[in-house]
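Read through the structure below, which is laid out as structure tokens, and then see the notes.
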Amino acid sequence: MKIIHISDIHLTVPGEPMGGLNPHARFAAALDHVALHHADAARVIITGDLAHWGESAAYQALSDALALRALPVRLLIGNHDDRATFLRVFPDHPVDAQGYVNHAETVNGTRLVYLDTVGTRTHAGNFGPDRLSWLESELTAHSRLRLFMHHNPMTLGLPAEDRIALIPEHRPAFHALLKRYADRIEHLHFGHVHAPISGQFHGIPFNSVPSTGNQSLPDLQETVWLKGAPMAPAYHVILVQSGQTTIHQIPFAWDGPVAKSGTGWEDWAKPSAAE
Ligand SMILES: [Fe+2]
Ligand SMILES: [Fe+2]
């Protein structure tokens, strides 16, 4: 199974820039790259910060961009999103019994779980008891799951960034749930950090993906400021097969030269490899 992971597209009202770039053009380029190279993807999962300021026109632009391409897209919301506005533009989007944008589906025998970690007027993640019960029902009902969420549920050794992880009050119960069902959770995927970070949480492998817009600079000392730069955007291709997960980072906006070389020993011999 091939899954495409895109995140933090930060769409604006069309015509308005975001961080000095056109987020719509970037998102369109990512989708077109996926359509060209990964038409066999089972899902294209966009893990939140769909809009930058949560306006209706930004979600309408997202809807229009998706309508132009026949891709199996699934949407999550992030701290830059407005849940009510998102649901007004996507009225048929699944929500849980309490109205959170929590949803899940089984694809090729794997339960794909999409979490809503959005709080009210905060950039940090929320996932309190009212949402945990929904997640626990998924974890008890399925034996092979893959969790997708906007916020990182754990700190990452980035003091400033960690201020907007899942809030400390909600971490113990969320972490306890992850540990209790660690043998069922194949992988945890998130966005929010605008950077590729990978690791393992009590036996559960995790990954984040770069943004299609601006990237964050990992600063392991900075305690206040989030630092960003217009570095190359990317999306991830996740290959899941025979008990193995492989994740490729695709620099879809690269338009410079590409060198080609063979794989034989002599192909890399001096002087040919130095040319
Ligand atoms: Fe973001
Ligand atoms: Fe975010």
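Yes or no, residue by residue, for (1) open to solvent by less than 30 Å² (accessible area, probe 1.4 Å); (2) more than 16 Å from ligand 1 (Cβ to nearest atom):
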| site | (1), (2) |
| --- | --- |
| Thr140 | no, yes |
| Arg144 | no, yes |
| Leu147 | yes, yes |
| Met154 | yes, yes |
| Ala160 | yes, no |
| Ile167 | no, yes |
| Ala173 | no, yes |
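Across the stretch 229-250, which residue is nearest to Thr47 (Cα to Cα) among those that are small (Gly, Ala, Ser) and open to solvent by 60 Å² or more (accessible area, probe 1.4 Å)?
Ala232
Residues of the stretch 27-51 being open to solvent by 60 Å² or more (accessible area, probe 1.4 Å) and either in contact with a Ser or Thr (Cβ under 9 Å, 6 or more places away or on another chain) or part of a helix (DSSP H, G or I) (or both), which ones?
Correct list: Asp32, Leu36, His37.
Would a scan of the stretch 70-77 turn up a residue that is within 14 Å of ligand 1 (Cβ to nearest atom), open to solvent by 30 Å² or more (accessible area, probe 1.4 Å) and either modelled with pLDDT under 95 or within 27 Å of Ile167 (Cβ to Cβ) (or both)?
In the first step, residues of the stretch 70-77 are kept if they are within 14 Å of ligand 1 (Cβ to nearest atom); the result is 76-77.
This time we only want the ones that are open to solvent by 30 Å² or more (accessible area, probe 1.4 Å), so: none.
No, the stretch 70-77 contains no residue that is within 14 Å of ligand 1 (Cβ to nearest atom), open to solvent by 30 Å² or more (accessible area, probe 1.4 Å) and either modelled with pLDDT under 95 or within 27 Å of Ile167 (Cβ to Cβ) (or both).
Just one of (1) open to solvent by 30 Å² or more (accessible area, probe 1.4 Å); (2) without any contact (Cβ under 8 Å) to a residue 40 or more places away in the chain; (3) within 15 Å of ligand 1 (Cβ to nearest atom) trips up Gly54, so point out which.
Answer for Gly54: the failing condition is (1).
Could you say which residue among His170, His123, His187 is within 27 Å of Pro72 (Cα to Cα) and either in a loop (DSSP other than H, G, I, E, B) or modelled with pLDDT of 95 or more (or both)?
Of His170, His123, His187, the one residue that is within 27 Å of Pro72 (Cα to Cα) and either in a loop (DSSP other than H, G, I, E, B) or modelled with pLDDT of 95 or more (or both) is His187.
Any residue in the stretch 238-267 that's free of Cβ contacts under 8 Å to residues at least 24 places away in the same chain: show its pairings with residues that are hydrophobic (A, V, I, L, M, F, W, C) and open to solvent by 90 Å² or more (accessible area, probe 1.4 Å) at Cβ separation under 7 Å, as long as the two are six or more apart or on different chains.
So the pair list comes out as Ser261/Trp268.
Which members of the stretch 50-97 meet the condition of being within 20 Å of Ile4 (Cα to Cα) and of a type in the set (Lys, Arg)?
Arg69, Arg74
Scan the stretch 78-93 residue by residue and report those that are of a type in the set (Asp, Glu) and within 16 Å of ligand 1 (Cβ to nearest atom).
Matches in the stretch 78-93: Asp81, Asp82.
Residues of the stretch 205-221 being surrounded by 15 or more Cβ atoms within 10 Å (Cβ to Cβ) and part of a loop (DSSP other than H, G, I, E, B), which ones?
Val209, Pro210, Ser211, Thr212, Gly213, Asn214, Pro218
The values are calculated or read from the model by the stated rules, or taken from the named source; none is laboratory data. As the structure is a computational prediction, the values presented were derived from the model and not from experiment. Cβ sites come from the backbone with ideal geometry, for glycine too, and all protein chains shown count toward neighbours. Ligands, DNA and RNA are excluded from the accessible area calculation, which covers all protein heavy atoms including side chains. Shrake-Rupley method; radii C 1.70, N 1.55, O 1.52, S 1.80 Å.
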